[in-house]
Amino acid sequence: MSLSSTAKKGPAIAPQSSMPSTVEKQSTSVFLTFKECLARPTMASFVAGGVAGAVSRTVVSPFERMKIIMQVQGPGSSNYSGVWGTLRRMWKEEGWRGYMRGNGINCVRIVPYSAVQYSSYTIYKELIMEPGRTELDTSRRLSAGAMAGITSVVATYPLDIVRTRLSVQTASIGNLHVDRKHAPGMWSTGLLLYKTEGGIIALYRGILPTIMGVAPYVGLNFAVYESMREFLADEKGNVTALGKLFSGAVSGAVAQTLTYPFDVLRRRFQVNTMKDLGFQYSSVWDAVVSITKKEGYVSELV
């Protein structure tokens, strides 16, 4: 064989492996499957509702904790008075951590809460939809909303009661004495509540007044929202984005105000076994009578 013929042949080229192409196809397939999963109405509602809930709760965390403290501040205690006075005291006693205390578990709670609420509403909507229709009438929409609200409350209630305990345990209420620098965290508080106060029952203490407030809240919220939309609609029935935002704000405020006594009862029962707070109730009716007798009707609203 001549040297020239060998030079013409050149170096042998190894066959290219198909592995990179296969891996790329698999990655693309997984991404498309994940994207298709997110595109489903239920999953989209689950993710969007969870993220929106976590962000909104973090922004209003100082006011959320302030509300809880003022709700459980029993008769004879006036350490926290007024909005700005309470915020100043929280800052003075605990700094910025006081504003954020309990927000971690609130975000953990609100993600599944909002997600379950949005996704279960979609499921209930499909279950009670009349054959041949694509939208619910008013009564069925109210029913789906109420059932979705109850489902989300029951699914995440243990996290809510732990959030309340975290918000209260370092506050200057009654005879509470907890080292603020070494206060129990989320898991410690939940485990202690479970072990010492009745197991699963303890984690659902206060669920009755909570459920009692869900249906009227959803009904009022929906009714006021639809009324506001009709009032703000133009001649063609269209409502601007600002109009929808305003309608939602007004309907939420009205519904929250009229059902607020149920929220007070919920918080009181969530801490009902904390003897240092200065109150204990045997039933929902006993709580209503005791609160109105010792603190007045307005105490359930302010």
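The values are calculated or read from the model by the stated rules, or taken from the named source; none is laboratory data. These numbers come from a predicted model, not from an experiment. Cβ atoms come from the backbone with ideal geometry, glycine included; neighbour counts cover every protein chain shown. Protein only, heavy atoms only, side chains kept; ligands, DNA and RNA dropped before computing areas. Shrake-Rupley method; radii C 1.70, N 1.55, O 1.52, S 1.80 Å.
Tabulated values for the structure
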| read-out | value |
| --- | --- |
| Residue that is least open to solvent (accessible area, probe 1.4 Å), among those in the range 261-300 that are small (G, A, S) and either part of a helix (DSSP H, G or I) or within 23 Å of S172 (Cβ to Cβ) (or both) | A287 |
| Single unsatisfied condition, L258 versus (1) open to solvent by 50 Å² or more (accessible area, probe 1.4 Å); (2) over 22 Å from Q169 (Cα atoms); (3) without any contact (Cβ under 8 Å) to a residue 40 or more places away in the chain | (3) |
| Entirely in the range 129-238, the helices (runs of 4 or more DSSP H) that have 1 or more residues that are within 26 Å of L258 (Cα to Cα) and in contact (Cβ under 8 Å) with a residue 40 or more places away in the chain | 138-168, 207-232 |
| Qualifying residue in the range 70-78 (condition: under 20 Å from the mean Cα position of the chain (by Cα) and either farther than 30 Å from V289 by Cβ or surrounded by fewer than 21 Cβ atoms within 10 Å (Cβ to Cβ) (or both)) | yes |
| Residue in the range 151-164 that is crowded, with 20+ Cβ neighbours inside 10 Å and of a type in the set (D, E, K, R) present | yes |
| Positions within the range 239-255 being in a helix (DSSP H, G or I) and loosely packed, with under 14 Cβ neighbours inside 10 Å, in sequence order | A241, L242, L245, A249, A253 |
| Residue in the range 111-120 that is without any contact (Cβ under 8 Å) to a residue 40 or more places away in the chain, out of contact with any Asp or Glu (no Cβ under 6 Å at 6 or more places or on another chain) and aromatic (F, W, Y) present | no |
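To keep it simple, each residue is scored yes or no on (1) over 30 Å from S188 (Cβ atoms); (2) surrounded by fewer than 22 Cβ atoms within 10 Å (Cβ to Cβ).
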{"residue": "G104", "(1), (2)": "no, yes"}
{"residue": "V108", "(1), (2)": "no, yes"}
{"residue": "V111", "(1), (2)": "no, yes"}
{"residue": "I128", "(1), (2)": "yes, yes"}
{"residue": "R133", "(1), (2)": "yes, yes"}
{"residue": "L136", "(1), (2)": "yes, yes"}
{"residue": "L142", "(1), (2)": "yes, yes"}
{"residue": "A148", "(1), (2)": "yes, no"}
